[in-house]
Structure formats: structure tokens, C-alpha cells
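Below is one structure, written out as C-alpha cells, with a few remarks after it.
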Amino acid sequence: MILTALAALLMQPATPAPADPAYLETQRQALAALTAADGWRTTASGLKYRVLIGRGTGQRPRATDNVKVHYVGRFSNEEVFDSSVARGEAAVFPLNRVIRGWTEGVQLMSIGERYEFAIPADLAYGTGRGPIPNGAVLFFKVELIAINPPEAG
């Protein structure tokens, strides 16, 4: 299994710096700006997503499956903080071992599809972790390459 920067973030200690009210407001506004008119949908949990490429047919992963994806993660200010595309190597991981927004969102996808996710802080890293600030909304463009059943063990 490939240990990506995204997975490495999960292992870093939380950095719960006090939330800056102005920053939190920019994050709230970033989510509010994503409308149905631009193709964005919102799940019951608050995850926002839109289909970039795909028709919504075919096998979808379960939370316990291992998935292989390419992704680019950025902040609301467009700064990229992680990218399997830039590394030239797709990421492989158990879907239930990543942030909740990924677990929920990638299960909506079929192989070959590309989605964009806007993940509120409470479905991501909340109070921060590693380079992720407290209260950050995370944006990911994700392509689902493969689905494999969970490894026995």
C-alpha cells in the first residue's frame, strides 16, 4: 500500500490553534458560494460535490474497500497542499481510513469518474492537522481508478 501525504496527515498530531473568526468566515463563504447552478450538490452531512467526468453508472466502492485514486487537494484560496498527480503516483488506501468527507464522497463515484469535493472542516480535519489550518474547508478533485475488496486479515 502506498503511504501518501494525505495518509501521512492522519498520523500527524493535531494542531488546535485558536480559530481565527475572519478565516472561519472566509471558509463559510467559500462553501456558500458553491451552488446548484454550478453543478454542486450537497449531501445530508454537508459534503458538497459535483461530477466533472462520468455518468454515475458502474460499480461503486464500499467504505471497507481499498481504492486507487488520483487527486489534487487545495484550500479555498486555490493553494494546493497535496497532489498524487504531481507525484506521478496514484494513491491506494482503505476508504474507511481517511477523512469522513472522502469516505462518504468516494462512495458516490464509479470507476473512471472524476468528482470535485468541497469538504467542510467537520468532515475533514476539524481543528487542524499538519499543514491543515483549524476550520479549513478542503477542496479535492478526485479520479477513481480502481476498487479492490478489503484485504483479509
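General remarks:
- Residue 4 meets the conditions (1) of a type outside the set (D, E, K, R); (2) closer than 13 Å to residue 140 by Cβ; (3) within 13 Å of the chain's Cα centre (by Cα); (4) modelled with pLDDT under 95 in every case but one. The failed one is (3).
- Residues satisfying the stated conditions in the range 109-152, i.e. aliphatic (A, V, I, L, M), touching a residue at least 12 places away in the same chain (Cβ under 8 Å) and over 20 Å from residue 34 (Cα atoms): 111, 132, 144, 145, 146, 147
- In the condition set (1) touching a residue at least 24 places away in the same chain (Cβ under 8 Å); (2) more than 21 Å from residue 32 (Cβ to Cβ); (3) under 12 Å from the mean Cα position of the chain (by Cα), residue 83 is compliant with all but (1).
- Residue match in the range 102-110 (condition: under 13 Å from the mean Cα position of the chain (by Cα), part of a strand (DSSP E or B) and closer than 16 Å to residue 52 by Cβ): no
- Some residue of the range 42-56 being part of a loop (DSSP other than H, G, I, E, B), touching a residue at least 24 places away in the same chain (Cβ under 8 Å), within 15 Å of the chain's Cα centre (by Cα) and within 14 Å of residue 143 (Cα to Cα): no
- Annotation note: of 152, 63, 90, the sole residue that is among the aliphatic types (A, V, I, L, M), modelled with pLDDT of 95 or more and surrounded by fewer than 17 Cβ atoms within 10 Å (Cβ to Cβ) is 63.
- Residues in the range 34-62 that are under 16 Å from residue 119 (Cβ atoms) and touching a Ser or Thr at 6+ places or on another chain (Cβ under 9 Å): 34, 48, 49.
- Checking each residue in the range 86-101 for being under 20 Å from residue 125 (Cβ atoms) and not in a loop (DSSP other than H, G, I, E, B) picks out 91, 93, 94, 95, 96, 97, 100, 101.
- Number of the condition not met by residue 73 [criteria: (1) at pLDDT below 95; (2) small (Gly, Ala, Ser); (3) surrounded by 15 or more Cβ atoms within 10 Å (Cβ to Cβ)]: (1)
- Evaluation of residue 110 against the conditions (1) within 19 Å of residue 72 (Cβ to Cβ); (2) surrounded by fewer than 20 Cβ atoms within 10 Å (Cβ to Cβ); (3) modelled with pLDDT of 95 or more; (4) small (Gly, Ala, Ser) shows that the sole unmet condition is (1).
- Count of the range 14-41 residues, restricted to those that are outside any helix (DSSP H, G or I) and either among the polar types (S, T, N, Q) or at pLDDT below 95 (or both), is 8.
The values are calculated or read from the model by the stated rules, or taken from the named source; none is laboratory data. Source: prediction; values computed, not measured. Glycine gets a Cβ as well: all are built from the backbone with ideal geometry, and neighbour counts include every protein chain shown.
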